[in-house]
Structures are given as structure tokens and as C-alpha cells.
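Visitor: Here it is, the structure, as C-alpha cells.
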Amino acid sequence: MFRLFEKSEEDGCYNLTSYQSTQVLDILLANQVYRAYKSITFAKGYQALIDILGLDCVCPIFACVMGKPSCADGRVSSSVLLTLRVPKEKVRLTEFSDWADLLYVMKSLKSDYTGIGALQARSDIDTRQLQRSIESLKVQKPLSQYKVPQAVLEEIQPEWLVKYKKLSVK
């Protein structure tokens, strides 16, 4: 049996938390894999992140690494806090600020997103900042090298669920 707060480097897993809807919890409790649906609001930004990280999904799932700083609590429309124990090979780590920078650039684009190469070739955005963000997001570093790590998942498998907490509506 594992201890939830063991160092992830010792056993090959990350301890993560993620705010999700009760529907996600229902899927996991039914012993099914959860994969997020395409986002309308953040479609361009999410597709860019999928391309950069080489993910196999239509929408990334975000989580925080337990015991590390985080910039967002994700509780906007969510009502369940999931505690997950995820094998390291199923997690892509990003620096939250670099993801936020990329998302900002993507939200400011007036045209459709057609790929990272086309994005980098545009003249109407700060390509140095964009390139720095893209390179940072691509490179996977040890957890200790992230200031504010953000975990990105393609899916949540039911066996990763350690515990959950239903949150009251404010």
C-alpha cells in the first residue's frame, strides 16, 4: 500500500488534485475513463497546448501537484475536488506562467488556429515571447525545477482516484 504523500520521484507517481464536475466523478465511480470534451471558450489555446505537448486528446485536463504552489484553484463551475495518484508517464508538466502567456496570445488572435508553425510565423504577435513559452512548455523538467507546476493529463483513469470531496456551492 502506498502513502499518499510519498515523494513522487521514489515510486513513479505524482499526487495531483483537480477540480471537476460531479459528472466526472460519476464516470470514474462507474469505473470508466474520463476524457474531456472540446472546449468552445478556449479551443484555440487548448489545441495549441495539445500540439505542443503531443497529447492524444481533444481537450487537456488540468491538475495541481500536491505540495507545490498553484495559481488557480479551478473552482469556477466545479463541485468536486479529486485527489489522484497518476503514473509520471501519464503526466505532462508545464510552468503555469508559460501556459498563461500562451493562452493570452491565443485569446488575442482574431483568426483561426491552424498549427504551431503558422502561429510562430505570424507578424502580429510577439514571437520572442511566444517562442520562449512554446519551448518551455515542450521541455519536460524534473518537478523541482518548476516554480508553479501545472499537470496536464489526456484522461483520468478510475484507478487513479484516491479520494474525492464534494464541495458546497457558495
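Visitor: Say the cut-off is 18 Å between C-alpha atoms; which of Lys68/Lys141; Lys68/Lys138; Lys88/Lys138; Lys44/Lys147; Lys38/Lys107 go over it?
Guide: Among Lys68/Lys141; Lys68/Lys138; Lys88/Lys138; Lys44/Lys147; Lys38/Lys107, the Cα-Cα distance tops 18 Å for Lys68/Lys138; Lys44/Lys147.
Visitor: Give me the net charge for the shell around Ala36: Cβ to Cβ below 14 angstrom, other residues only, Lys and Arg +1, Asp and Glu -1.
Guide: Once all neighbours under 14 Å are counted, the net charge is -1.
Visitor: Report, to two decimal places, the Cα Rg of the stretch 9-165 normalised by 2.2 N^0.38 Å (N = number of residues).
Guide: Against the empirical 2.2 N^0.38 Å value, I get 1.05 for the stretch 9-165.
Visitor: Right, something else. Rank these for me by crowding, Tyr146, Tyr113, going from fewest to most other beta carbons within 10 Å.
Guide: In increasing order of surrounding Cβ atoms, one gets Tyr113, Tyr146.
Every number in this text was worked out from the coordinates using simple rules, so none of it is lab data. Not measured: the values here are computed from a predicted model. Positions of Cβ are generated from backbone atoms using ideal geometry, with glycine treated the same way; all protein chains shown enter the neighbour counts.
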